[in-house]
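Take a look at the structure below.
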Amino acid sequence: MSLLIQHGLVVSSQHSNPSDLFIQDGIIADIGPSLSHRADTVIDASGMYVIPGAIDVHTHLDASVGGTTSSDDFESGTRAAAFGGTTCIIDFATQSRGQRLTDVLHAWKTKAYSSTIDYGLHMIVVDLHENRLEDLDALVEEGVTSFKVFTAYPGVLMIDDATIFRILRRAASIGALVCVHAENGTVIDLLVREALAAGNTSPVFHALTRPPATEAEAVHRVIALARLAKAPLYIVHVSSADALLEIENARRLGQPVYAETCPQYLFCSLEDLKRDGFEGAKYVLTPPLRDSFHQEALWEGLRTNALQVVSTDHCPFFYETQKIAGRDDFTKIPNGGPGIENRPQLLYHFG
């Protein structure tokens, strides 16, 4: 099968030029002005952009969160991604305590069978005894080359610093990358208990009990662990200027630290959590939304390459049947929101 796309503005990483694009059996075979190839299908792209498919490296499809499941599975989520110009995602397979990592991987591959676009998988590690570090090697052999660990959610996802350090060292030795959700989980838990005891139950307290310092401290700590382990590091969903400063300092010293932010942190703020009634629940996600001045710092981080990636952390929930569970207790609001379809348009229009 062949396809000829004519008269479009072809956008590459170097330039944008009016060109034609000839595709043979799913592979771009030629790019140039006024191509004369015969094709099974011809598309007139006059006045349109022809861009590479986008990659979203942080999604949570069909994911169990706080006693419920994200409202997009691999079929509906990847369909939305395709409509928005994203042609590949990297989702997170999540280990439960006691599970073998290879079993988790195979379970997620079964879930992803209905994906309508290309996909890859990271592995969230929550239970890895030091005698089982070779399990990471097996995952790399199966094509999973990135592992995610948490410094937040004690008793559920959080693992201790020594385990993070062991994973960093092992990952470095086998050519894998460790991704970190960096927040100080034990301090946050204390602040949450104090807020509830004082009767503060509305959605905005999700953010007020997870202040920027709890993110920055954890980012600083895992950067130090990665330096000790001589391992590269990737910080997911950076939400604050405070955390970004820690990343910039590490990169200035030559440490291989990489990071992403997300559209919600570029466009939404603490004010959205304060919306009338229970509307703020729609904006409960983790890390939380910040005061609007953090947005400028994040945009600047993208401009200077202190932040290399914009992902979505797509993890949506229905407002009336899922978010509503936390009407009287913000800790029961499922954390997460959508974004898988709209990221390319948002970044093009505002960026």
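The values are calculated or read from the model by the stated rules, or taken from the named source; none is laboratory data. Bear in mind the structure is a predicted one, so any value in this text is a computation, not a measurement. We place every Cβ from the backbone using ideal geometry, glycine too, and count neighbours over all the protein chains shown. Note: areas computed on protein heavy atoms with side chains; ligands, DNA, RNA excluded. Shrake-Rupley method; radii C 1.70, N 1.55, O 1.52, S 1.80 Å.
Scan region 170-180 for residues that are assigned to a helix (DSSP H, G or I) and surrounded by fewer than 17 Cβ atoms within 10 Å (Cβ to Cβ) and jot them down.
SER173
Can you name every residue in region 71-106 that is closer than 18 Å to SER146 by Cβ and aromatic (Phe, Trp, Tyr)?
PHE92
Give the residue, chosen from HIS237, HIS206, that is outside any helix (DSSP H, G or I) and buried (at least 21 other Cβ atoms within 10 Å of the Cβ).
Result: HIS237 is the single residue among HIS237, HIS206 that is outside any helix (DSSP H, G or I) and buried (at least 21 other Cβ atoms within 10 Å of the Cβ).
From the list VAL144, VAL140, VAL57, which residue is of a type outside the set (Ser, Thr, Tyr) and in a helix (DSSP H, G or I)?
On inspection, the qualifying residue turns out to be VAL140.
Could you tell me which numbered condition VAL144 fails, if it satisfies all but one of (1) at pLDDT 95 or above; (2) touching a Pro at 6+ places or on another chain (Cβ under 7 Å)?
The failed condition is (2).
Return yes or no: is PHE150 within 29 Å of SER239 (Cβ to Cβ) and touching a His at 6+ places or on another chain (Cβ under 7 Å)?
When the stated conditions are applied, PHE150 passes them.
Being aromatic (Phe, Trp, Tyr) and surrounded by fewer than 19 Cβ atoms within 10 Å (Cβ to Cβ) narrows it down to one of TYR283, TYR348, so name that one.
That would be TYR348, the only listed residue that is aromatic (Phe, Trp, Tyr) and surrounded by fewer than 19 Cβ atoms within 10 Å (Cβ to Cβ).
In region 181-196, which residues are part of a helix (DSSP H, G or I) and either open to solvent by 20 Å² or more (accessible area, probe 1.4 Å) or of a type in the set (A, V, I, L, M) (or both)?
THR186, VAL187, ILE188, ASP189, LEU190, LEU191, VAL192, ARG193, GLU194, ALA195, LEU196
Restricting to region 101-135, and then to whatever is open to solvent by less than 40 Å² (accessible area, probe 1.4 Å) and more than 21 Å from the chain's Cα centre (by Cα), can you tell me which residue is nearest to ALA81 (Cα to Cα)?
Looking at residues that are open to solvent by less than 40 Å² (accessible area, probe 1.4 Å) and more than 21 Å from the chain's Cα centre (by Cα), I get THR102.
Could you count how many residues in region 73-100 are out of contact with any His (no Cβ under 7 Å at 6 or more places or on another chain) and either open to solvent by 10 Å² or more (accessible area, probe 1.4 Å) or part of a loop (DSSP other than H, G, I, E, B) (or both)?
So the answer is 18.
Determine which single condition ALA39 fails, assuming it passes every other condition in (1) in contact with a Leu (Cβ under 9 Å, 6 or more places away or on another chain); (2) small (Gly, Ala, Ser); (3) within 28 Å of HIS349 (Cα to Cα).
Condition not satisfied by ALA39: (3).
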